[in-house]
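Q: First the structure, which I've put down as structure tokens, then a few questions once you've had a look.
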Amino acid sequence: MSTLTPSAVDFSQAECLTTPGPFGAVPGVPEAPEAALKVCARCPIRAACLETAMEQEGAARASIRAGIRGGQTGQQRAALYRRRARARLAQVPVPGTGTRFRSASDDEIVALLRTGIGDQAVGRVMAGRGTTASIKRIARLRREHDIPRGSRGVAAPPTPAAWRQHTRPAPGGHLLWTSTVFGSAASPVLHHGGSSYSVRRLSFHAVHGRAPVGQVSAGCGVQHCLTGEHLTDGQIRAAAEQGARHG
């Protein structure tokens, strides 16, 4: 593991800022990692970039670890997480018990359940922390505290405040993405609760009160704008085209 502290690194030095590549790919979109990995190999902050990715993605499954980050694919980062989790379990002795991991407290388990993740996801997070809890015990605590069952291990979507901190306002009411770690301006992605979310779709939903239909794009003429009122989806564009034909 790198000894660099991600928060202390100037990410403006990243090679990917000036070289096109699938570094911030959206989950589910096939990657073409060869070119991106070559860029990462010569990047001066590759180690810190990897540690940042590992911290942000937590116990996420490989299928939702998006893009090439820190010189590794999503599959490679998931494997690295599992290796580190096993190492932590082997290095955390519990005094007087002879075991090398500790049982998670009820409060720890309940706190994770209240984030909205499923029982299996709670177990994965516990393992990553060097603790353990059986699925039977997790399910019992869910029932005792009347916590709704999580949806396939995915937490509730992030609030607007979670992604707005990575934006800046621009003249004309536009909102632009500023993070060099969470995806790119063209495809901003926010990692939350073990899942990855398209920021553009989150912004659309916050304003229109519904999930977008099809691709979301800026209808204001400013490329990559994230202002919810400026975003359109397939349904809005189809209605506009129909209105134009009958206008």
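The values are calculated or read from the model by the stated rules, or taken from the named source; none is laboratory data. Note that this is a predicted model, so its numbers are computed, not measured. A quick note on method: Cβ atoms are made from the backbone with ideal geometry, for glycine too, and the neighbour counts reach across all protein chains shown.
Q: Look through A104, A121, A66 and report the one residue that is touching a strand residue (DSSP E or B) at 6+ places or on another chain (Cβ under 8 Å), at pLDDT 80 or above and surrounded by 21 or more Cβ atoms within 10 Å (Cβ to Cβ).
A: On inspection, the qualifying residue turns out to be A104.
Q: Mind checking which residues of the stretch 125-165 are at pLDDT 80 or above, assigned to a loop (DSSP other than H, G, I, E, B) and within 30 Å of H205 (Cα to Cα)?
A: Selection gives D146, I147.
Q: Right, something else. Of all residues in the stretch 201-239, how many are modelled with pLDDT under 90 and aromatic (F, W, Y)?
A: Counting residues in the stretch 201-239 that are modelled with pLDDT under 90 and aromatic (F, W, Y) gives 0.
Q: T19 fails exactly one of the following numbered conditions: (1) at pLDDT below 80; (2) more than 21 Å from S198 (Cβ to Cβ); (3) assigned to a helix (DSSP H, G or I). What is the number of that condition?
A: Against the list (1) at pLDDT below 80; (2) more than 21 Å from S198 (Cβ to Cβ); (3) assigned to a helix (DSSP H, G or I), T19 comes up short only on (3).
Q: Pull up the stretch 191-200, narrow it to residues that are assigned to a strand (DSSP E or B) and either more than 14 Å from the chain's Cα centre (by Cα) or modelled with pLDDT under 75 (or both), then point me to the one that is farthest from T178 (Cα to Cα).
A: Across the stretch 191-200, the extreme among qualifying residues is S195.
Q: If I ask for residues that are aromatic (F, W, Y) and at pLDDT below 75, which ones from the stretch 166-185 would you list?
A: Listed by number, the list holds a single entry, F182.
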